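Nothing in this text is a laboratory measurement; each read-out follows from the coordinates by a stated rule. Predicted, not measured: the structure shown is a model, and the values here were computed from it. In this analysis, Cβ positions are derived from the backbone assuming ideal geometry, glycine residues included, and neighbour counts consider all displayed protein chains.
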Ligand code: PBG
């Protein structure tokens, strides 16, 4: 045997494996998504996501404290309003569910507050923007995103996260924020967001399944890799501070490519369906769901993500703290 082919030497015990470990996961890497649902009287478990609890604009206060105590640095808020309409006006209402929730937790903790910015949870038809001739109209939607960004910043969001995949959304939001004096509010853009079947459980939780059609005229075709780099490049050019690839596990090649091509902070979103798969198999006794959770998170980190948005955030942080 050639001496250099003896690779098992450095795997022979736990501590030697530790010193040659190329990647590590810490709670600092994790962002917890939270559903805040105005139609609920009390926190309620999402049926397709066992262990994920939708909060009320009041219960979010205790939840934020719990997550901060686990050393998590940031939360990503999704609002589900009690009233939906054609335009999704609750998205930018100063008393809308997200704005109220942000005000309730702001200044009570050091958590970075990220507000998801889309209209699909707020429109009666469940589409991400203004419908014209049966399709989502790009430019009139941008105006509503700009209004929503200002309302979220005004309530105290540190970061706004446009997830609608409209062309030009980052520039429209950046200009609107700067115009109102919110230069310090950052933009985390869902840059390469694919039209994925892995969003199914989220749409249950957010009650945002489109009443007709799908999102393929704006979300990306899963067949495309180069196009994702064009999307990320465009968002950075428009002023995005953090770019994102979503989903994560089925798109690790996109994360790795983005890491190679761009220096900007890169987020990956381990979405609802990825969570549900691992959870369901665990509940059935088909795999060890905690081990699978940690392995999936580490592989997203290894692919090149600087931060991971995951419904496992609290669970993983707990395990990492007790290591
Ligand atoms: C849109 C949005 C979606 C997700 C995050 N933001 C749903 C969609 O595009 O239909 C999905 C997240 C997940 O599945 O966990 N506001």
GNM top mover of 124, 140, 12 - the chain, alpha-carbon springs below 10 Å: 12
For q = 0.11, 0.15, 0.19 Å⁻¹, Debye-computed log10 I/I(0) when each Cα of the stretch 53-156 counts as one equal scatterer: -0.35, -0.61, -0.89
Residue 321 paired with residue 204, simple spin-label distance in nm, labels 7 Å along Cα-to-beta-carbon: 2.9 nm
Over the chain: helical MRE at 222 nm, DSSP H runs n ≥ 4 each giving -39500 (n - 2.57), nearest 500: -11500 deg cm²/dmol
Crossing angle, helix 169-179 versus the chain [Cα axis fit, 0-90 degrees, rounded to tens]: 60 degrees
Sequence-separation-based contact order of the chain, relative, with Cα cut under 8 Å and 6+ spacing, percent: 18 percent
Projected area, mean over directions - the chain, Cα convex hull, nm²: 18.3 nm²
Neighbour-count ranking [beta-carbon atoms within 10 angstrom, fewest first] of 189, 272: 272, 189
Potential extension, residue 291-residue 85 segment - 0.36 nm per residue separation minus Cα distance: 69.9 nm
Hypothetical label at residue 221: residues of the stretch 144-181 whose amide nitrogen lies under 20 Å (7 Å Cα-Cβ projection): 165-168
Residue among 200, 239, 179 with the largest mean-square fluctuation in a Gaussian network model of the chain, springs linking Cα atoms under 10 Å: 179
Cut-off 19 Å (backbone N to label point 7 Å along Cα→Cβ of residue 241), residues of the stretch 54-74: 72-74
Relative packing of peptides 41-49, 57-65 - highest average C-beta neighbours within 10 Å first: 57-65, 41-49
Separation in nanometres of the label points that stand 7 Å from Cα toward Cβ, at residue 263 and residue 15: 3.9 nm
Nearest-ten-degree value, helix 60-69 long axis tilted from longest Cα axis of the chain: 30 degrees
Nearest-ten-degree value, helix 289-303 long axis tilted from longest Cα axis of the chain: 80 degrees
Relative exposure of 121, 154, 231, 86, judged by other C-beta atoms within 10 Å (fewest first): 86, 154, 231, 121
Computed Rg/Rh of the stretch 157-208, alpha carbon atoms with Kirkwood Rh: 1.07
Convex hull projection area averaged over all views, the stretch 1-119, Cα basis, nm²: 12.0 nm²
Exposure proxy order (Cβ contacts within 10 Å, fewest to most) of 236, 142: 236, 142
Simple label model, 7 Å out from Cα along Cβ direction - residue 250 to residue 125, nm: 2.6 nm
